[in-house]
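One structure is given here, and the rest of the page talks about it.
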């Protein structure tokens, strides 16, 4: 997709559950998730994105994607020069901003319908819809306050430092000086996961490292990673990685 000075170009892509290795794009693009879910790693941060997530990719920015079972359907938009200028004046595009809102899915579905219809009126319709998508992206991505971003950063640090302890959303919010509901919204907006989901993800990643790289008894690994016991760890580990910790060690 190569934007011209006057027009934007959109397309629909379907992805299987096969991971996508690190890659980059020569031109800037917006990607809207219409269906499915995947984990995006970009600029040193990883987050899960589902339907309604709209992501901006700066040109040449390396990123990788891990799709959930069932893959995903995405609408990609190569914005026109005027659209890029509009966004550049309003958002830090170099930071690869993300916005999530239900109305983005509905708008994306209308764009997909025009792409399928492809009649004499579709180019004009798509131009208007593309501008609407750009405006909504500017609105929702621009709503991320500095306080919310700082609170999410603080919450992530607290979670990482206390993986072996229960940490409720109320306690986490108190440590960050923010209302629990606001923290939960900001957390999902920033990372695509709730605080509890993020904590489980970190616990499992630490468990994977300990199982793979040490000979520590699995009961100790479970407690160190915040699981009730070895059985609890084994169930969660198998659900996440497809095999039990004991099986992984036998194969190592």
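General observations
- Segments classed as strands (runs of 3 or more DSSP E), wholly inside the stretch 1-60, with at least 1 members that are outside the structural domain of residue 201 (by TED's automatic domain parsing) and over 27 Å from residue 127 (Cα atoms): 20-23, 29-42, 45-50
- In the stretch 120-223, counting only helices (runs of 4 or more DSSP H) that sit wholly within it, the ones holding 3 or more residues that are in contact with a helix residue (DSSP H, G or I) (Cβ under 9 Å, 6 or more places away or on another chain) and more than 30 Å from residue 83 (Cα to Cα) span 146-161, 169-176, 180-191, 195-213.
- So residue 130, is it over 28 Å from residue 183 (Cβ atoms), touching a strand residue (DSSP E or B) at 6+ places or on another chain (Cβ under 9 Å), crowded, with 19+ Cβ neighbours inside 10 Å and in contact (Cβ under 8 Å) with a residue 24 or more places away in the chain: yes
- Residue within the stretch 55-63 that is farther than 21 Å from residue 110 by Cα and within 12 Å of the chain's Cα centre (by Cα) present: yes
- Taking the listed residues 50, 44, 36, 60, the one that is in contact with a strand residue (DSSP E or B) (Cβ under 6 Å, 6 or more places away or on another chain) and surrounded by fewer than 19 Cβ atoms within 10 Å (Cβ to Cβ) is 50, with no other qualifying.
The values are calculated or read from the model by the stated rules, or taken from the named source; none is laboratory data. In this text, all values refer to a predicted model and were calculated from it rather than measured experimentally. Using ideal geometry, Cβ is built from the backbone for each residue, glycine included, and neighbour counts are taken over all protein chains shown.
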